[in-house]
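Novice: If you scroll down you'll find the structure; I have some questions about it.
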Amino acid sequence: MIQSMTGYGKCVIQLASKKITVEIKSLNSKNLDMNARVPGAYREKELEIRNRIAKSLVRGKVDFNLFVEITGEETNTKINTAVVNQYISQLTHVVDGDKTELLKMAVRMPDALKTEREEIDADEFNQILNAVNEALVEINKYRSAEGDALKKDFEKRITNISALLEKVIEMDPQRVDAVKERLRKAVSDLKEDVDENRFEQELIYYLEKYDITEEKVRLKNHLEYFLESLSSKDSNGKKLGFISQEIGREINTIGSKANFAPMQQLVVQMKDELEKIKEQALNVL
């Protein structure tokens, strides 16, 4: 079953003094393009998280966000008492003022507050990894649902092209007769007698030149292969893109050989359906 590269997954966990939110979004991209926003305290674990996401999502433009909200009373920011007292001492030599006012001024000075680096607790990080895994499960469910919708659309477009191909096949004898008639009329307009055998030889040459038998067979085979690939285990957007190119090549050749307006109109409709397939294939994982 195919998967879309578009998806969204989120998981929120509540620890003793922190609320941690993991959010993963993805869009289509030729390769894996990951952007991660991780608080500084968790930076040393970023690579491990990236590897886990890359292994699961494989391809796409991925945005990963890790939000940490302190909900308890603990804080890593402390007052640098020694520095603050020095500032107050220096300020008393500059201005006369209430000690409370001097304190307000001192705590706004550089280095008045210090942030102690907190070591990541192993249990806490395991819970974060579990949250990442849950978010990945959600985003993959989303991708699968989008992939199912894409599959139905592909099947619809391929069915439409197949129906148009059947019309081309039905119309082909009429097209050949029209080509013959045009050639006979062209000779007649010359108002000259022509060798009938020579004319038949030239007619066969032009009919072989405009023959689309091989293109019709190959196009039908490509359409069937596209449908088979949708349900295969190795199905992916790149593979579907390659098959789409082959389908387009046969449709274009039929159009260039048609030399018959009603058939060329069918070719235009097939091209329109194929363009929609190509656009959607870019979203397939």
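Novice: May I ask you to order 140-150, 222-232 by the average number of other C-beta atoms within 10 Å around their residues, highest value first?
Specialist: On the way: 140-150: 17.6, 222-232: 16.0.
Top of the packing list down: 140-150, 222-232.
Novice: While we're here: Gaussian network model of the chain, Cα springs within a sub-10 Å range: biggest mean-square fluctuation belongs to which of 112, 261, 178?
Specialist: So, out of 112, 261, 178, the one fluctuating most is 112.
Novice: Using Cα atoms only, what is the angle between the long axis of helix 196-209 and the major principal axis of the chain, expressed in degrees (0 to 90) to the nearest 10?
Specialist: With rounding to tens, the tilt is 10 degrees.
Novice: Let me ask something additional. If each residue of separation counts as 0.36 nm, what is the full-extension length gain between residue 238 and residue 18 once their alpha-carbon separation is subtracted?
Specialist: Separation in residues times 0.36 nm, less the Cα-Cα distance, equals 74.9 nm.
Novice: Which angle between 0 and 90 degrees, to the nearest 10, do you get for helix 213-230 versus the longest principal axis of the chain when only C-alpha atoms count?
Specialist: Roughly 30 degrees, rounded to the nearest 10.
Novice: I want the local charge near residue 237. Using Cβ-Cβ distances under 10 Å, sum +1 for each Lys or Arg and -1 for each Asp or Glu among the other residues.
Specialist: Net charge in that neighbourhood comes out at +4.
Novice: Same structure again: Mind listing the long-range amide H neighbours of residue 60? Cut-off is under 5 Å, sequence gap 5 or more, other chains count too, H placed in the peptide plane at 1.01 Å from N.
Specialist: It is 29, 31, 32, 33, by chain and number.
Novice: Then there's this: Of 134, 101, 23, which is the most mobile in a GNM of the chain whose springs link Cα atoms less than 10 angstrom apart?
Specialist: 101
Novice: Once you sort the root eigenvalues of the Cα gyration tensor of the chain as a ≥ b ≥ c, which label holds: rounded (a/c under 1.5), prolate (a/b larger than b/c) or oblate (the other case)?
Specialist: Working: a/c = 5.93, a/b = 3.44, b/c = 1.72.
Prolate shape, in that a/c is at least 1.5 and a/b is the bigger ratio.
Novice: Pick from 251, 79, 13: which residue has the top mean-square fluctuation in a GNM of the chain where Cα pairs under 10 Å get a spring?
Specialist: Per the Cα network of the chain with a 10 Å cutoff, 79 tops the list.
Novice: Still on this structure: Please give the FRET efficiency for residue 104 paired with residue 44, using the beta carbon to beta carbon distance and R0 = 35 Å, rounded to the nearest 0.05. The partial results should precede the final answer.
Specialist: On the way: r = 37 Å, r/R0 = 1.05.
Given R0 = 35 Å and the Cβ-Cβ separation, E is 0.45.
Novice: Can you give me the distance in nm between label points at residue 169 and residue 10, each placed 7 Å from the Cα along the Cα-to-Cβ direction?
Specialist: 5.1
Novice: Take every Cα pair under 8 Å in the chain that's 6+ residues apart, average their separations, divide by the length, and report that relative contact order as a whole percent.
Specialist: 26
Novice: With Cβ to Cβ distances under 15 Å as the rule, what net charge do the other residues near residue 35 carry (K, R +1; D, E -1)?
Specialist: +2
Novice: Next question. Mind pulling the angle between the C-alpha long axis of helix 46-57 and the longest principal axis of the chain? Nearest 10 degrees, somewhere in 0 to 90.
Specialist: In the chain, helix 46-57 runs at an angle near 30 degrees to the longest axis.
Novice: At a Förster radius of 35 Å, what calculated FRET efficiency corresponds to the Cβ-Cβ distance of residue 224 and residue 133, to the nearest 0.05?
Specialist: 0.35
Novice: For the chain, what is the accessible area per residue in Å², given a 1.4 Å probe and the full set of protein chains?
Specialist: 60
Novice: Also, quick follow-up: Check cross-link reach from residue 45 to the lysines: straight Cα distance under 22 Å, and skip same-chain residues fewer than eight apart.
Specialist: In chain and number order, the partners are 10, 18, 19, 25, 55, 61.
Novice: Right, next: Starting from the amide H of residue 36, placed 1.01 Å from N in the peptide plane, find each other amide H under 5 Å away whose residue is 5 or more places distant or on another chain.
Specialist: Counting only residues 5 or more places away or on other chains, the set is 64.
Novice: For the chain, what is the calculated [θ] at 222 nm in deg cm²/dmol (nearest 500), taking -39500 (n - 2.57) for each run of four or more DSSP H residues and dividing by its residue count?
Specialist: Counting only the DSSP helices, I get -21500 deg cm²/dmol.
Novice: Now a separate question. Residue 94 to residue 69: FRET efficiency via 1/(1 + (r/R0)^6), r the Cβ-Cβ distance, R0 41 Å, to the nearest 0.05?
Specialist: The calculated FRET efficiency here is 0.55.
The values are calculated or read from the model by the stated rules, or taken from the named source; none is laboratory data. Treat the numbers as computed from the prediction; the structure is a model and nothing was measured. Note: ideal-geometry Cβ built from the backbone for every residue, glycine included; neighbour counts use all protein chains shown. Quick note on the areas: whole protein, heavy atoms, side chains included, nothing else; ligands and nucleic acids left out. Shrake-Rupley method; radii C 1.70, N 1.55, O 1.52, S 1.80 Å.
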